[in-house]
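Please treat every number below as a calculation from the coordinates, not as lab data. None of the values given here were measured: they were computed from a predicted structure. Cβ coordinates were reconstructed from backbone atoms using ideal geometry, including for glycine residues, and neighbour counts include every protein chain displayed.
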Amino acid sequence: MKKAITMILMTALVTVSSHVTAETTEERLAQLEKEVQNLKQEQSVVALPEVSLGGYGELHYNNLSGHGGASDKESVDFHRFVIYMGHEFNDRIRFSSEIEIEHSLSGDGKPGEVELEQAYIDFDINSEHTLRGGLFLLPVGILNETHEPTTFYGVERNSVEKNIIPTTWWEAGFGMHGGITDDLLYSAYIHSGLMTSTGSAYSVRSGRQKVAKATASDLAGTLALNWRVPGVTVGGAVQFQSDISQGSDSDTGEGVLGEVHTDIRKGALGLRALYAQWSLDGDGPKSYGSDKQYGWYIEPSFRPIDSIGLFARYSAWDNKAGSAGTDNQKAQIDLGVNWWPHEQVVVKADYQWQDNEDDKEQNGFNMGMGYAF
Amino acid sequence: MTKSKMASTWAWVMHFKQLPPLLLVTCQLVVASCAVHIQGGAKVDVGDYEAIGPEQTLAVKGDVRLLCKDALGYEYPLGLIIYRRNNNTAAWQIATKGKHGLITSLFIIKEGQIIDCRVLSSKEVRGKQIAKKRYLKQFTGLSLLKPNKLSKRVDGISGATTSSKAMMHAAILALRLDGRQQK
C-alpha cells in the first residue's frame, strides 16, 4: 500500500514538474520570439543610424542689364554646395555641422570660399529646453536659419535679409533654445560679433568675421522670440553688441539690431514680411550715414497646386539711412515662379526691376535650380 | 584682467539694461517652463492605444517594402513595422526620416480614417512642434484621397519643412498599410 501511494505521489510530482517546465519553456520561447522581433524592428537598414547626412545646393543663371552706370551681369554660378552631417552621441547630446563651398571654386584669386557654416552641440535639458554651444546660425529673420533653396521663393535670397540682417550669418557662442509654451519659442545666445570698419562704410554685411580667427574683444547677445503654430509664424529678434568694430576704431560704439517678421502659409496662400533695422553708435558710422541701416520686404505667394508656386516681392533697404547718407535707398520688385518636380527639388525663374535712388539699377531675369535632402 | 578691461566688460553687461523688461520676462518664462517640464518629465503620453490589441509585426519585404518606398519616397528605415489591431481599428507605429534622425509616430486608424495620432520619439531641433497637439490634431479625420494624397492639406511648421513632411508621409503610409490589411 505504501509503495502504491509513493508511486502515485511520484507520478503526480513528475507530471506537475514537467507541466511547469513546459509552461516555462513556452513562455521563454515566446519571450525570445518577441525579443528577436523587437531586435529586427530596431535594426535599422541605415548603416550608421546615429549619423545624419544631408545637404543642399543651388545653381543660378543671372541675365541682368545695368543702367545708370551699373554693370551688366550675365553669369552662371553654382552658388552654394552644402553638406550637412550630424551625429547623435546619446539621447540627449547631438552634434550638427554644415560645410559649404560657395561659387564652386575656392583658393587664391578664385571667386569662391569653403566655409564652416555650422558646428555645434546641443544638450537637451528636457523635452522642451536645449543648451547649445559651438558655431551656429543666429536666430534672426526668416532665412538665416532656414535657407535651403526648396524653402523660399526667388532664385537669389532676398536683398533685405542679405544686406541688413545680414544673412547668412553665423557666430560662435553658447546659449539656450526651446519652448516657453507649446507655441512660443525662444532662443537666447551670447556669441562673437561683427567687426565693421570705415573701409566698408560700416556696412554690417562686410562686418561678418565668420568665426575665422575672429576678433572677440566685444561679444554680442541675441534674443529671439517666435510664436509658431501650423501655417503661421510671427516673431522677432533683438541683438546687442557693445562695440561694432571690436575696439579697432575709436569712432564706433554699440550696435543694436531689431527685427520683426511673419511667415504665413494657409492652404494655397502665403505671405512673408520682415522689417529689420540696425542702429550704430559713434561718429564714424554717423559720418557715412551708416548709423541707421534698415530694410523691409513683403512677399505674397500663391500655390495653386503642390508643385507650382507664384510669388511677388517688394523690397526696400538702405545701408546709409542716417542723416549724412544721401541717395542710397534701394528698392526692388521681383515676380517669379517656383516649380517643385519633387518636394526636395526646385526649379525657379524670376524677373527683377530695381528702382534705386542713385539710379544705378540692374534689371532682368534669373533662373535657377536647387535641391535639399 | 586689467581695470580698463573690467570696466569695458561691465559697461558691456550694463548695456543690456536696454533689454531688461523683455529679457527678464523671457528668463522668468523659461525658468517656469523648465520647472513645469522637469516636473512632468520627458515621458511620452501613449494613452491607452495598447488596449487596441496585442502587439504584432509586419516584415518590410515584398509588396510591403514596395508600398513603403512608394509612400515615403525612400526605403523604410527599419526591418519591421509594429501595429495593433482589433477588428476595424488599428494602431500603426511608423518611422520616417526627419532632419535629425528618425521620427517615430503612431497613427490610430478606424475604417480608413485617422482618429488619433502622436509622436513617440523625435530628435528634431526646429521641428519640435510636430509633437504638439495643435499640429497633430490636423490629422484627425484624414483619409486618403489618392494613394499618396491626404484628403485635406496639413499646414506645416515654418522653418521645419522636413519634419512636417516626414509626418505627412508617415500618415500616408499608415493609411496605406491599414488599407492593404483591410482588403
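May I ask you to work out the translational diffusion coefficient for the stretch B:49-182 at 25 °C, viscosity 0.890 mPa s, via Stokes-Einstein with Rh from the Kirkwood sum over Cα pairs, reported in whole µm²/s? After rounding, the answer is 168 µm²/s. Of A:Ser127, B:Ser158, A:Ser52, A:Ser104, the sequence from fewest to most neighbouring Cβ atoms within 10 angstrom is A:Ser104, A:Ser127, A:Ser52, B:Ser158.
Tell me the Kirkwood hydrodynamic radius of the stretch A:254-336 in angstroms, computed as one over the mean inverse distance between distinct C-alpha pairs. It is 14.3 Å.
Which distance in Å, rounded to a whole number, links the C-alpha centroids of the stretch A:190-245 and the stretch A:275-336? Comparing the Cα centres of the stretch A:190-245 and the stretch A:275-336, I get a distance of 17 Å.
Legend: ranking of residues A:Asp283, A:Asp108, A:Asp77 from fewest to most surrounding C-beta atoms inside 10 Å; resulting order A:Asp108, A:Asp283, A:Asp77.
Taking 31 Å as the limit for the C-alpha separation, the pairs A:Lys213/B:Lys132; A:Lys266/B:Lys183; A:Lys348/B:Lys146 exceed it in the case of A:Lys213/B:Lys132; A:Lys266/B:Lys183.
Relative to the longest principal axis of the C-alpha atoms of chain A, give the angle of the C-alpha long axis of helix A:2-42, reported between 0 and 90° and rounded to the nearest 10°. The angle comes out at about 10 degrees. With R₀ fixed at 35 Å, the C-beta to C-beta distance from A:Val347 to A:Ile93 puts the FRET efficiency at about 0.35. A full extension of the chain between A:Ser75 and A:Trp227 corresponds to an added length of 50.7 nm, given 0.36 nm per residue minus the alpha carbon distance. Averaged over the residues of B:79-89, the number of partner chain Cβ atoms lying within 10 Å of the residue Cβ comes to 2. The calculated 222 nm mean residue ellipticity attributable to helices in chain A amounts to -4500 deg cm²/dmol, summing -39500 (n - 2.57) over DSSP H runs of n ≥ 4 and dividing by all residues. The fewest-to-most ranking of A:Ser159, A:Ser248 by surrounding Cβ atoms within 10 Å reads A:Ser248, A:Ser159. Please report the orientation-averaged projected area of the stretch A:147-188, defined via the convex hull of its C-alpha atoms, in nm². If I average the Cα hull's projected area over directions, I get 4.5 nm². Its relative contact order, with pairs defined as Cα atoms under 8 Å and 6+ residues apart, puts the stretch B:49-182 at 22 percent. Past the 27 Å Cα-Cα mark, which pairs from A:Lys330/B:Lys128; B:Lys133/B:Lys165; A:Lys73/A:Lys292? Checking Cα-Cα distances, A:Lys330/B:Lys128; A:Lys73/A:Lys292 exceed 27 Å.
In chain A, how does Rg compare with the Kirkwood Rh, expressed as the Rg/Rh ratio over alpha carbon atoms? Using only Cα positions, Rg/Rh for chain A is 1.22.
Paramagnetic label reach from A:Ser206 (point 7 Å along Cα→Cβ; backbone nitrogen cut-off under 17 Å): within the stretch A:141-161, no residues. The calculated pair-distance distribution of the stretch A:90-235 uses every alpha carbon pair, bins of 5 angstrom beginning at 0, and gives 2, 8, 14, 20, 22, 17, 10, 5, 2, 0, 0 percent.
Dipole magnitude for the stretch A:273-354: computed about the Cα centre from +1 point charges on Lys and Arg Cβ and -1 point charges on Asp and Glu Cβ, it is near 80 debye. Full extension of the chain between A:Tyr61 and A:Asp283 yields a length gain of 75.8 nm, computed as 0.36 nm times the residue separation minus the alpha carbon distance.
Given in Å, the Rg to one decimal and the Dmax to the nearest whole number for the Cα atoms of the stretch A:193-341 are 18.2, 56.
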